[in-house]
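The values are calculated or read from the model by the stated rules, or taken from the named source; none is laboratory data. Because the structure is a prediction, the values reported are computed rather than measured. Glycine gets a Cβ as well: all are built from the backbone with ideal geometry, and neighbour counts include every protein chain shown. Note: areas computed on protein heavy atoms with side chains; ligands, DNA, RNA excluded. Shrake-Rupley method; radii C 1.70, N 1.55, O 1.52, S 1.80 Å.
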Amino acid sequence: MITSVWEVKECRRACQKVMAELDKEGVPYRQDTEIGIMIETPASVLVAEELAKEVDFFSVGTNDLTQYTLACDRQANDLGKFFDPHHPAVLRALKMAADAAHKAGIWIGICGELGADLELLETFLAIGIDELSVSPSSVLPLRAKLRSSIAKTCTLERLEC
């Protein structure tokens, strides 16, 4: 759970050290591997502009981000009604992270149960989420909803879509 730029810099240093060791040992690896971070806490959202300068992508852990943003334990049955991933604070956090990512020229994805939420697909598109990581059973319903959303916005008069 990254919350500070210094953590990202430490992770990058560790990766560079491993890469140098692999080079020294002649072990092949992809040198263009992207390094990203999980956005899972309100702190990471609030410093997302600074974090985005240090990484190649953001992946939002929506389950944790929702839990920590709303200060509730999603596992506690008596607090379950407070765990609301549709809460405006959670959606604003996603928008803030997406804006920071795009300002830095990096992509942002969502992982976690929220990525498969058909009710929020158009919201994700509107706020600039670039990728959804979902279970295989969610792909076809999301694809159908996406096609439907695109069809609503595209007409023969508006060929710019």
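For the stretch 1-36, name all the residues that are among the charged types (D, E, K, R) and closer than 30 Å to N63 by Cα. Working first, answer last.
The first filter runs over the stretch 1-36 and keeps only residues among the charged types (D, E, K, R), leaving 7, 9-10, 12-13, 17, 21, 23-25, 30, 32, 34.
If the condition is that a residue be among the charged types (D, E, K, R) and closer than 30 Å to N63 by Cα, then E7, K9, E10, R12, R13, D32, E34 are the ones that fit.
Filtering the stretch 107-141 down to residues that are under 11 Å from the mean Cα position of the chain (by Cα) and of a type in the set (A, V, I, L, M), which residue is farthest from P85 (Cα to Cα)? Full working, then the answer.
Step one: of the stretch 107-141, the residues under 11 Å from the mean Cα position of the chain (by Cα) are 107-112, 114-115, 124, 128-133.
Those still in the list that are of a type in the set (A, V, I, L, M) too: 108, 110, 114, 129, 132.
Details: I108: 18, I110: 13, L114: 7, I129: 16, L132: 15 Å.
Across the stretch 107-141, the extreme among qualifying residues is I108.
Condition first: closer than 16 Å to G61 by Cα and not basic (K, R). Can you find one or more residues in the stretch 135-150 that meet it? Break it down into steps so the answer makes sense when it comes.
Just the residues of the stretch 135-150 that are closer than 16 Å to G61 by Cα, to begin with: 135.
Subsequent filtering for residues that are not basic (K, R) retains 135.
Looking for residues that are closer than 16 Å to G61 by Cα and not basic (K, R), one finds at least one in the stretch 135-150, hence yes.
Any chance you could count how many residues in the stretch 109-138 are open to solvent by less than 70 Å² (accessible area, probe 1.4 Å), assigned to a helix (DSSP H, G or I) and under 15 Å from D64 (Cα atoms)?
Residues meeting the conditions: 2.
Applying the selection to the stretch 94-108, what residues are of a type in the set (D, E) and open to solvent by less than 50 Å² (accessible area, probe 1.4 Å)? Can you show your working first?
At the first step, the residues of the stretch 94-108 found to be of a type in the set (D, E) are 99.
Once the filter is applied, which keeps residues that are of a type in the set (D, E) and open to solvent by less than 50 Å² (accessible area, probe 1.4 Å), the stretch 94-108 yields nothing.
Do any helices (runs of 4 or more DSSP H) entirely within the stretch 1-84 hold 2 or more residues that are of a type in the set (V, I, T), in contact (Cβ under 8 Å) with a residue 12 or more places away in the chain and surrounded by 10 or more Cβ atoms within 10 Å (Cβ to Cβ), and if so, which? Steps first, answer last, please.
On the way: elements: 5-25, 42-46, 48-52, 62-69.
Ranges flagged: 5-25, 62-69.
Residues V45, V18: which one is among the hydrophobic types (A, V, I, L, M, F, W, C) and within 23 Å of the chain's Cα centre (by Cα)? Full working, then the answer.
Numbers: V18 fails: within 23 Å of the chain's Cα centre (by Cα).
Result: V45 is the single residue among V45, V18 that is among the hydrophobic types (A, V, I, L, M, F, W, C) and within 23 Å of the chain's Cα centre (by Cα).
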